[in-house]
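See structure below.
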DNA sequence: CTCTGCATGTAAAAGGTTACATGATTCC
DNA sequence: GGAATCATGTAACCTTTTACATGCAGAG
């Protein structure tokens, strides 16, 4: 449902006009952690949104370098608000490490902590990047909700890291049981 | 990479032979929370795995009802173990509620707690189902790692529920800031 | 002059869901 | 007899990734 990418774009355009390239860059530095997007989605979607009348594109080249900036139309703003108010789809999670852990009975017990450690390393990396964002981007009182989402990400991955650490310790000690 | 569904099937077949229908049923009651699968993936994949020599299928009808049970071959067991030891891909998360929260500046402040509450409701539902599983399935000492994954899910969604509750309280009180 | 970043795009492949068709069996 | 569950399958569709092609601009 809802197609996702559509509202990622409309949402980002709230704050001003952007090129497809801009959208990609911003997504990679923010929503990527809970909603990714590729060029193969962005450019075609921008044209679809323009056809729908939800955005307008104006060509604003930089010298001889082509550049098309898109901005929300009133209809686009309305569509965005309607989506914001509609019930959201449930969370989708896909975690290969968890899948491995689930099937890890097929492995000698000593190799179990390694699987957990790999999972922890993954979240530690994300955590580091989120903290970087937190320091780089000074809190804008106008963007409470974006800060909230960032805090969620940090708490969330922090929880995972702690959980993994606890399991690693437990598995290392009580080897048998 | 890795195609995922391939190892979901191989992993489930560790414990004995299963039909495609069985695989679907088990996935829907377990791995679905971190790795889903549909019939459209399962049946074709079973035939591919048989062609690869990783599973063997034997027709074992129940009366006049057709039924094909698959079991791991030694090569299948080996492929599974190799995958278990290989580094896992990072976590993929997709959460529409979080996306809405991210763009919620476009909404009057009073509507923000509602978005968080919807997110909480989602995790509460999952949590209830995970706890049900925990009670239904008595701990099998032979399947430590499956219990671990279940505990992860419960802790994980529990964390989300608590976070949402905290934010809801904060947003309700400190309305302006 | 070279490297990085800006900028647009697409074709093919891969991955996945939905919806349907079909029919037997078991439980009430 | 009817409903739920067992059981297999696929075709159409949708979404998403990957990989490539192209070229200007600015910094060093």
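The values are calculated or read from the model by the stated rules, or taken from the named source; none is laboratory data. From a predicted model like this one, the values you see are computed outputs, not experimental measurements. Every residue, glycine as well, gets a Cβ built from its backbone with ideal geometry; the counts of neighbours run over all protein chains shown.
Of note:
- Members of the range B:18-61 found to be within 14 Å of chain A (Cβ to nearest Cβ), more than 13 Å from DNA strand C (Cβ to nearest atom) and within 17 Å of the chain's Cα centre (by Cα), listed by number: B:26, B:29, B:30
Let's see how each residue does on (1) surrounded by fewer than 19 Cβ atoms within 10 Å (Cβ to Cβ); (2) in contact (Cβ under 8 Å) with a residue 12 or more places away in the chain; (3) over 24 Å from residue B:93 (Cβ atoms):
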position	(1), (2), (3)
B:138	yes, no, yes
B:147	yes, no, no
B:153	no, yes, no
B:156	no, no, no
B:161	yes, yes, no
B:165	yes, yes, no
B:169	yes, no, yes
B:173	yes, no, yes
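- With respect to the conditions (1) under 27 Å from residue B:164 (Cα atoms); (2) in contact with a helix residue (DSSP H, G or I) (Cβ under 9 Å, 6 or more places away or on another chain); (3) surrounded by 14 or more Cβ atoms within 10 Å (Cβ to Cβ); (4) without any contact (Cβ under 8 Å) to a residue 24 or more places away in the chain, residue A:104 lacks only one, and its number is (1).
- Only helices (runs of 4 or more DSSP H) whose full extent lies in the range A:35-130 are considered here, and the ones with at least 1 residues that are under 23 Å from residue B:36 (Cβ atoms) and more than 16 Å from DNA strand D (Cβ to nearest atom) are A:96-102.
- Scanning the range B:124-150 for residues that are under 14 Å from the mean Cα position of the chain (by Cα) and at the interface with chain A (Cβ under 7 Å from one of its Cβ atoms) returns B:146, B:148, B:149.
- Only a single item in (1) more than 16 Å from DNA strand C (Cβ to nearest atom); (2) within 7 Å of chain B (Cβ to nearest Cβ); (3) over 19 Å from the mean Cα position of the chain (by Cα) is not met by residue A:78, and it is number (2).
- Failed criterion for residue A:96 (all others in (1) more than 7 Å from chain B (Cβ to nearest Cβ); (2) out of contact with any helix residue (DSSP H, G or I) (no Cβ under 6 Å at 6 or more places or on another chain); (3) within 15 Å of DNA strand C (Cβ to nearest atom) hold): (1)
- Residue within the range A:22-32 that is under 30 Å from residue B:27 (Cα atoms), out of contact with any strand residue (DSSP E or B) (no Cβ under 7 Å at 6 or more places or on another chain) and not assigned by TED's automatic domain parsing to the domain that holds residue A:150 present: yes
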